[in-house]
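Engineer: There's a structure below that I have some questions on.
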Amino acid sequence: MSISPLLQDLENALRCLPGVGPRSAARMALHLLERDRDRGLNLAKTLQQALTEIEYCERCRNLTEIQPCRICQDDSRDQNLLCVVSSPSDILVIEQSGLFRGRYHCLAGLLSPLEGLGAQEIGLATLYERVLREKPDECLVALASTVEGEATTHQIVMGLEGSVCVTRLAQGVPVGGELDHLDISTLSQALTSRTEVQR
Ligand SMILES: [Zn+2]
């Protein structure tokens, strides 16, 4: 039983964040109320603004508040190299490596029949249409080495067969590894030593 219904509401709201249970939610709520009201208000304002204004890029599905996103608008980037990832967080980590100068296409996750995620749900048709329209020289499939990642890569290789050279990250991505858990040097190696997919 909380000392205030509003405080209880705040705790419940904080629990929408990953990894936040009842105890940490209570600790966060009390911290904001007792020690950090200004920054708490700033958090509320920024949260409101970000959730209202940030959308998916209509071209690549990166997160952005302008259409198309800054990466899609950047003419200095290589138009002929398209990197396929499964989440905007992967774009972030590849950008941090500073080694990739092409463009991205972000799927809405990986194929996962158990979660009801099929080709349509993750937007494979949009990728195929984009490749046919923009005709890049190379399509680098940079997905996790998990069962879902491998299945999705396989599906993309089949779907793009004949329309573009498909490559994938060669080394350094451990089996079962998620892209955004890699350290920068491992990711750099994986990006620079990519290989063409055997059909
Ligand atoms: Zn974009």
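Engineer: Stokes-Einstein D for segment 78-196 at 4 °C, 1.567 mPa s, Kirkwood Rh over Cα pairs, in µm²/s?
Structural biologist: 92
Engineer: What is the dipole size for segment 78-196, taken about its Cα centre, with +1 at each Lys and Arg Cβ and -1 at each Asp and Glu Cβ, in debye to the nearest 20?
Structural biologist: 300
Engineer: Sum -39500 (n - 2.57) across every DSSP H segment of at least 4 residues in the chain, then divide by the residue count to get the 222 nm mean residue ellipticity, nearest 500.
Structural biologist: -14000 deg cm²/dmol
Engineer: Take the alpha carbon atoms of the chain, find their radius of gyration, then divide it by 2.2 N^0.38 Å using N residues; give the quotient.
Structural biologist: That works out to 1.23 for the chain.
Engineer: Along the principal axes of its C-alpha atoms, what lengths does segment 5-52 span, in descending order and rounded to whole Å?
Structural biologist: Rounded to whole Å, the extents work out to 27, 23, 20 Å.
Engineer: Pairs of alpha-carbon atoms within less than 8 angstrom and 6+ residues apart define the contacts here; what relative contact order does the chain have, in percent?
Structural biologist: 15
Engineer: When the chain is fully extended, how far beyond the present Cα-Cα distance does E55 get from E115, taking 0.36 nm per residue of separation?
Structural biologist: Stretched out fully, the E55 to E115 stretch lengthens by 19.2 nm.
Every read-out reported here was derived from the displayed coordinates using simple, explicitly stated rules and does not represent laboratory data. None of the values given here were measured: they were computed from a predicted structure. Here Cβ is always computed from backbone atoms with ideal geometry, including for glycine, and neighbour counts include all displayed protein chains.
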